[in-house]
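Peer 1: I have a structure here, written as structure tokens, and I will follow up with some questions on it.
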Amino acid sequence: MPSSRELAGDLRIAVGRASRRIRAERGEAGLTDPQFTVLAWLTKEGPLTPGQLAERERIQPPSMTRTVNGLLELGLVAKTEHPTDGRQVVVSLTDAGVAEVRETRRRRDAWLAGRLATLTSDERTLLADAAELLRRIAAS
């Protein structure tokens with residue numbers, strides 16, 4: 001049985017590689033990871049200000065403004081005036097942005113489902129248990 005430190009290293013590497021491989025599956029727009037993450041936040045939480053998006057991503061507001069402007073140029077998000085603060089804007093998904101999120105998620109799920117289909121039933125059960133453990137680790 002590996003020590004906790006050895007297991008931590010092995011898991012970090014395996015999860016990182018799996019995550020990078022899944023993120024390589026992209027929709028038609030070929031978005032960068034930060035761009036897709038903005039769309040995912042907007043899908044999950046609805047319209048947000050660039051400052052709120054920057055907080056969620058733990059980046060500086062100017063970086064988020066550049067990311068949002070790139071998405072705006074692609075027609076994936078829209079900006080509207082903030083309802084109570086005239087100095088701010090609110091960013092929301094367009095229909096094209098919603099479609100991009102759906103397509104990217106579909107491709108990622110299809111890729112992973114294809115890999116899972118090659119595993120035995122026992123291996124898939126083991127991964128289901130591991131997924132629950134990883135959710136618990138991430139939540140703490």
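The values are calculated or read from the model by the stated rules, or taken from the named source; none is laboratory data. In this text the structure is predicted, and so the values were computed from the model without any measurement. Cβ sites come from the backbone with ideal geometry, for glycine too, and all protein chains shown count toward neighbours. The protein model used for the area step is the full one, side chains on, heavy atoms only, and it has no ligands, DNA or RNA in it. Shrake-Rupley method; radii C 1.70, N 1.55, O 1.52, S 1.80 Å.
Peer 1: Report yes if some residue within region 48-59 is farther than 29 Å from L134 by Cβ and either of a type in the set (S, T, Y) or in contact with a Ser or Thr (Cβ under 7 Å, 6 or more places away or on another chain) (or both); otherwise report no.
Peer 2: Scanning region 48-59, I find at least one residue that is farther than 29 Å from L134 by Cβ and either of a type in the set (S, T, Y) or in contact with a Ser or Thr (Cβ under 7 Å, 6 or more places away or on another chain) (or both), so the answer is yes.
Peer 1: Let me confirm something: among T118, T94, T125, which residue is polar (S, T, N, Q), over 23 Å from F36 (Cα atoms) and surrounded by 11 or more Cβ atoms within 10 Å (Cβ to Cβ)?
Peer 2: The conditions single out T125.
Peer 1: Just one of the numbered conditions (1) within 23 Å of A131 (Cα to Cα); (2) over 15 Å from the mean Cα position of the chain (by Cα) is not true of R20; which one?
Peer 2: So the condition that R20 fails would be (2).
Peer 1: Run D85 past the list (1) open to solvent by less than 40 Å² (accessible area, probe 1.4 Å); (2) within 17 Å of the chain's Cα centre (by Cα) and report the number of the one that doesn't hold.
Peer 2: So the condition that D85 fails would be (2).
Peer 1: Working carefully through the options L119, L126, find the one that is outside any helix (DSSP H, G or I) and more than 13 Å from R26 (Cα to Cα).
Peer 2: When all the criteria are applied, what remains is L119.
Peer 1: Out of the residues in region 2-30 that are closer than 30 Å to N69 by Cβ and part of a helix (DSSP H, G or I), state the one that is least open to solvent (accessible area, probe 1.4 Å).
Peer 2: Ranking the candidates gives G16 first.
Peer 1: Residues of region 31-56 being open to solvent by less than 50 Å² (accessible area, probe 1.4 Å) and either under 15 Å from V89 (Cβ atoms) or not in a helix (DSSP H, G or I) (or both), which ones?
Peer 2: L31, V38, L42, G46, L48, T49, P50, G51, L53, A54
Peer 1: Here are the criteria: (1) loosely packed, with under 13 Cβ neighbours inside 10 Å; (2) among the acidic types (D, E); (3) under 18 Å from D33 (Cα atoms). Tell me which single one E103 does not satisfy.
Peer 2: (1)
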